[in-house]
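A short write-up of the structure that comes next.
The values are calculated or read from the model by the stated rules, or taken from the named source; none is laboratory data. For clarity, every value in this text was computed on a predicted model and none was experimentally measured. Cβ atoms come from the backbone with ideal geometry, glycine included; neighbour counts cover every protein chain shown.
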Amino acid sequence: MGLIAQIAALRDGTGRPQALVGELRRTTLLVPVSDGGLMSAERGGVRWLYAFTDEVSLSRFLLQRGADPAAEAEYVAILGARLLDAVIPSLDGPTGVAVNVADEDGSMLFPPVAGIVPDSVAVDLVGKGARGER
């Protein structure tokens, strides 16, 4: 079952969170690049990296943000596991992943908590022996 199917299963109550995170880790994600860095937004003290499962979802997002439809989207393709285990720990502050945010029924947020990101950067482990704060 692919990531989109895992998201749908979790939303309809038949999915398992561990299976969803496992599928995220196995999926190659497209992360848009802006001004030389990974495109993200900050909300509620958390930085959210935008990630997409395909070019159609990425394009829909960019168009909603006012991008030129004729312009070629700049992005990096990265395995979800690498995004979670290597990229997020290298960034300052709590960082999660926002998948397919322009797709109302297919979007999902993966917050910076234990079981998703490494324990050393999981916000729910602050003060419990993990680094937590960056």
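For this structure, a couple of remarks:
- Flag not set for G115, criterion: modelled with pLDDT under 95, small (G, A, S) and exposed (fewer than 13 other Cβ atoms within 10 Å of the Cβ).
- Close contacts from the stretch 58-71, counting a first residue that is of a type outside the set (K, R) and a second that is surrounded by 10 or more Cβ atoms within 10 Å (Cβ to Cβ) and at pLDDT below 90, with Cβ to Cβ under 7 Å and a gap of 6+ residues or different chains, come to L58/A73; S59/A73; L62/A73.
- Restricting V101, V76, V97 to residues that are among the β-branched types (V, I, T), surrounded by fewer than 18 Cβ atoms within 10 Å (Cβ to Cβ) and either at negative phi or not in a strand (DSSP E or B) (or both) narrows the list to V76.
- Cross-chain or 6+ apart pairs with Cβ under 9 Å, the stretch 85-107 first and in contact (Cβ under 8 Å) with a residue 40 or more places away in the chain and among the hydroxyl-bearing types (S, T, Y), then surrounded by 15 or more Cβ atoms within 10 Å (Cβ to Cβ) and part of a strand (DSSP E or B): T95/S40; T95/V46; T95/R47; T95/W48; T95/L49; T95/V117; S107/A98; S107/V99
- Only one of the listed residues (D68, D54, D85) is closer than 19 Å to V113 by Cβ and surrounded by fewer than 19 Cβ atoms within 10 Å (Cβ to Cβ). That residue is D85.
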